[in-house]
Amino acid sequence: MSGGYNEIHPEPTTFWSKYIISFDHKVIAKQFLWYGIAFLGIGGLMALLIRWTLAYPGEAFPVIGHLLFPNSAGIVPPDSYAMLFTMHGTIMIFYAITPILIGAFGNYCIPLMIGARDMAFPMLNMLSFWFAFLSGLVLLASLFLPLGAAAGGWTSYPTLSTMIGSPGAGQTLWCVAIFLFGVSSTMGAVNYVTTVITLRAPGMGYFDMPLTVWGLWLTAILNAIFVPVLGAGVILLTLDRVMGTTFFLAGASATSGSGDPVLFQHVFWIFGHPEVYILILPAWGIVSDLLSFFSRKPAFGAKATALSMTAVSVLSTIVYGHHMFTTQMSPLLTQSFMTLTMTISIPSAIFFANWLGTIWKGSIRFDSPMLFSLGVVFVFGLGGLTGLHLGTVTTDLYLHDTYFVVGHFHYTMAASVLLGGYAGIYFWFPKMFGRMMNETMAKIHFWGTMIPLNGIFFGMLMVGYGGMHRRIYNPFVYDSLKRLMPINEMITISAILMGLFQIIFVINFLWSLYKGKKAVNNPWNVGTLEWTIPSPPVHHNYDVIPVVKCGPHEFGNPNLKNGRDFQYQTEELVQGPA
Amino acid sequence: MKRNELQNNLAMTVVLISAAMLFVTLFMGYAVYRSSADVWPPVGVAKVSLWLPFLSTIFISISSWYCYQVRLSVAKNDISAAKSQLWLTTVLGLAFMLAQSGLWFFMKSSGVFVTSGIFASVMYGFTWIHAVHVVLGLFALGYLRWVLRTPSPYILQKTINVEKFWHFLGVVWVVMFIGLFVF
C-alpha cells in the first residue's frame, strides 16, 4: 500500500529543536553521520594501535604512544591490546558502520526516495538517535575505568566476558552499551519498516523502490527480529556479572547444575550472522543503484537483485552454525550448516552477476561514487570467495581463529561497507548539504583507500593462511610465525597509509561543507525522487507528494527526445512509435 | 483501514515481534538447560511451590480480560467505563507484581538464592526480565489513563496498542508459568 498520511510538520525555529532534539529525518541522518564518522576515527586509531603492535612488538607507538600508555613507555601493553581489539570491533560494527549505513543513509534516503515528508514516527526517530548517543557515551566511559574497557573480544564469549575472565566494570558497561544500542536499532527498525510499507508515494510499487531502499528495508526487518536475540544474551551476561547468576558459567556449582558458556555462542551468532547482512545490505542496495546510475543503464535484473537480497536475508537466519564448527558440534549439524551456508552463494551470485550485467557495455562515468561502488564489487567478490573456505567444515577447521578469518570478514564487513559508505556519502553529499565535494580529492581518497585496503586485508588472508592466529599479543614469540613478520609489516604500513588518506576525506568533507561548489538539484542526472527537489531539500521535503510513474533506473531510452538520457520517476515512461 | 491505523498496527506488530524474540531466546536457553540436565530441578534443589506463580497467573489473566474490556468500552465511546476498567487492569497488574515480589521473597527464604546455580538463575532471571516488561506495561497503562482524559481521534488506536502489549505480557507469563513452574 502506498501514498497517503504525510503531514507537514511545523518547521522548528530554535537551535535546540532544529539541531538537537530534531524530529526531521534529514537532521537525524546528519546526527548519525557525524556520530558514525567520529567513532570511525576512534575505531580507526585503535586499528592502527593493534597493527603497530603486530608489526613492531615492543616498540613505542609513534607520536601519541607515550600519551596513551605512559606506564609502559608508549608500548601497547598486553591487557590494553586485548581491550583495543575488543573495542575496535565493537566500535566499528555498532558505532561506526551501523550509524553511517543504517542511521544516516536510512534516515536520509528512505523518506526522500519513496516520496515521503518524514518517517512514520518522527519522535521515535529522534529517540533512536539519543539512545544511540547514550550508548556511545557509556561505551566510551568504559575506556576510563581503572581496569579498562571490555577485553573479551567483540563477540564477548564467556568465560572471557564473565567476572572470571573480565573483572572490573568494563565488560558490564559494554553489555549496557550494547543493550542501549539495541533499543536504538529496534526503534529505527520499527520506523523504517512502517515507513516503507505505508508512506511510499502513490504509484510506487515495491519493485519501483530504488534498491537502496530495498537494502535498508531488509536490514530493518533483520534488525527487528535479531537484535533482541543479542539483547537477551547481554541481559543474561549482565546478570551473571552483576547478580551472580550462572547462565554462562560452567561448573560454577556442581550440585545445583551449571550454566553453559557455549549457549552464549549460539545466542550471539543467531544474532551475529544476520548482523553481517544487516551491515552489508544497505551497501549492496546503494551499490546496485549507483552502478546503474553511473553506467547510464537500467539496473540489470533489478527485480532479481531485490529478490536475491531478500533470499540472502532469509537464508542468513539459518546458517549461523558455521561460526561454531569447532565447538564440538555434531557432524550432522556441521554438514547441515555448511550446506545451508553454501546455498547463500546462489542468490549472492545472482545479484553479483547482475552488477556485472549492469556495467557491461554501459557508458560508465568514473565519478567518485562510481569508483567506490566498483571498489565494493571487487572487495565483496574477494570477501565472498574467501567465505567459501570458512563455510566449508574441512577447511574451516584449519583456518578457524586465524587471520584468514579476520581478512575475510574485513573484506566483507569492513571493506565493502566502508567503500559502500563512502560511495553513498559522495553521492548524497550534494543533496544533504547543498554543495559538491571536491572530485579530485575524492578520487585521490579512493585510490589512497582502495590500494592500501587490499594491502591490509589480503595481507591478513596470507598470514592467516600461513597459520597466524588472531588475538595473540605477540605472535612472533613462536618460531613458526616469525617468517610472517615482513607481511605483518606490509599490512601495518598499508594501514598507516590508508589512515593518512582518510585525512583527505575529512578535509574534503569539512571544506566542501562551507566552500564546496553549490550543488544543483540533480548534479548526477539520475531519476530517483530525491533529485526532483532542491539541494538541500526544504523542511517537509515535498510541497506536493509526487506520483510515481516509472522505475528508478530508466536510463538510455532511445525514445527520449528531451536531450536527457534518463527519466525521473515522476515521468511517464517514454514509449517508441507504435 | 485508515493510514494512521495501519501505521500503528504495523509498528506495534514489529515491536511485539522484537519483544517476542527476546523471550524466545530465553526459552531456547531454558530448553538447552533442561534438556542437558540429568534431573530438573538439580539434585538438592526443591521445586518452587506453584501457589504464588498460580496467583500471579490469575492476576495477569484477569487483568488482561479487563484490558480487553477497556478497548470495548473505548470503541463504544464509553470513556467513563473504560477508565474504571483501566483502573482495575492496573490494580491487577500491580497485584501481579506484588505476587512476583512474594515469589522472589519466598524463594530466597527457602534457600534458593540468585547465586544458587542454574535453576535459581532461570527462576530469578527470567521472572525479573518479564517483570521489567510488566513495569513498562504499567507505565503504558498510566499513559493510557492520561490519554483517556481528553477526547481525540487516536484514543482507540492507542488503546489497542497498549492492549496488545499487555496481552503479550500475559501470554509470555503463561508460557513461563507452564514451562518454568508446572513442568
Discussion item. Checking the conditions here, which among B:Ser35, B:Ser64, B:Ser49 is under 21 Å from the mean Cα position of the chain (by Cα) and either assigned to a loop (DSSP other than H, G, I, E, B) or exposed (fewer than 14 other Cβ atoms within 10 Å of the Cβ) (or both)?
Written reply: B:Ser49
Fill in: Filter pass, A:Tyr35 being in a helix (DSSP H, G or I) and within 24 Å of A:Ser166 (Cα to Cα)
no
Worksheet, complete the sentence: The condition of being surrounded by 21 or more Cβ atoms within 10 Å (Cβ to Cβ), more than 19 Å from the chain's Cα centre (by Cα) and either in contact (Cβ under 8 Å) with a residue 12 or more places away in the chain or part of a loop (DSSP other than H, G, I, E, B) (or both) holds, among A:Met123, A:Met87, A:Met113, only for A:Met113
Item to complete: Restrict the check to region A:67-77 and report whether at least one residue is in a loop (DSSP other than H, G, I, E, B) and either in contact with a Leu (Cβ under 6 Å, 6 or more places away or on another chain) or touching a residue at least 60 places away in the same chain (Cβ under 8 Å) (or both).
Response: yes
Item to complete: Sort through B:Gly93, B:Gly111, B:Gly117, B:Gly170 and tell me the only one that's within 14 Å of chain A (Cβ to nearest Cβ) and crowded, with 18+ Cβ neighbours inside 10 Å.
Response: B:Gly117
Worksheet entry | Selected residue (criterion: surrounded by the fewest Cβ atoms within 10 Å (Cβ to Cβ)) from residues of region A:27-60 that are within 19 Å of the chain's Cα centre (by Cα) and closer than 16 Å to A:Asn191 by Cβ | A:Gln31
Discussion item. Just to be sure before I move on: is B:Val24 under 15 Å from the mean Cα position of the chain (by Cα), in a helix (DSSP H, G or I) and within 14 Å of chain A (Cβ to nearest Cβ) in the structure I sent?
Written reply: yes
Item to complete: Determine the pairs where a residue that is under 15 Å from B:Phe106 (Cα atoms), located within region B:120-134, has a partner that is modelled with pLDDT of 95 or more and β-branched (Val, Ile, Thr) with Cβ atoms under 6 Å apart, the partner being 6 or more residues away or on another chain.
Response: none
Discussion item. Given the options A:Phe32, A:Phe23, A:Phe39, name the one that is aromatic (Phe, Trp, Tyr) and farther than 25 Å from A:Phe121 by Cα.
Written reply: A:Phe39
Worksheet entry | Within region A:209-223, considering residues that are within 9 Å of another protein chain (Cβ to nearest Cβ) and surrounded by 24 or more Cβ atoms within 10 Å (Cβ to Cβ), the one nearest to A:Ile110 (Cα to Cα) | A:Ala220
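The values are calculated or read from the model by the stated rules, or taken from the named source; none is laboratory data. All values derive from a computational prediction rather than experimental measurement. With ideal geometry, Cβ positions are generated from the backbone for all residues, glycine too; neighbour counts draw on all protein chains shown.
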